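Asks: Sharing a structure with you now.
Derivation of every value follows stated rules applied to the coordinates shown; laboratory data play no part. Quick caveat, the model's predicted, so the values are computed rather than measured. Virtual Cβ from ideal backbone geometry, glycine too; neighbours counted across all protein chains shown.
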Amino acid sequence: MPRVKRGTKRHNRRKKLLSLAKGYYLNKSKLYKFAKESVEKALTYAYRDRKARKRDFRRLWIVRIGAAARQNGMNYNQFIFGLKQAGVDMDRKILADLAIQDPAAFTRLAETAKSAMKSAS
């Protein structure tokens with residue numbers, strides 16, 4: 001079996017990994033062994049936190065909608081239930097944006113939700 005020297009392939013792979021570790025502290029950006037550990041951990045965190053960011057934003061939107069709904073005399077649950085009864089299809093991102101940017105429009109939505117809840121019961 002012929003002997004394989006990995007010259008450029010190994011060099012290029014290590015160079016790519018060290019470029020990912022650029023800006024890390026001390027040996028983590030200079031030495032391959034430590035850079036590999038740091039980059040692996042960083043990529044794991046990046047993957048995990050891309051998922052977590054979606055959860056965090058949804059939680060923020062719900063808090064904002066709940067606060068605006070309480071200003072209009074109902075809680076978050078009642079508000080969302082009333083919108084569903086009224087057939088209003090708006091996602092939480094848009095509702096939270098309305099609550100901050102255009103409180104008058106949010107108040108109209110709250111009135112719609114209240115009237116839909118009264119007619120449903």
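Asks: Packing-wise, with mean Cβ within 10 Å as the measure, how do 58-66, 79-87, 24-32 rank, highest first? Mind showing how you got there, number by number?
Replies: Working: 58-66: 15.8, 79-87: 17.7, 24-32: 13.3.
My ranking of the peptides, most packed first, is 79-87, 58-66, 24-32.
Asks: By a straight-distance test (C-alpha under 20 Å), which aspartates and glutamates pair with K28 as possible cross-link partners, with residues fewer than eight away in the same chain excluded?
Replies: The qualifying aspartates and glutamates are E37, E40.
Asks: Could you tell me which of the pairs K30/K54; K9/K33; K51/K114; K5/K36 are separated by over 24 angstrom between their Cα atoms in the structure shown?
Replies: Numbers: K30/K54 34 Å; K9/K33 17 Å; K51/K114 34 Å; K5/K36 22 Å.
Flagged as over cut-off: K30/K54; K51/K114.
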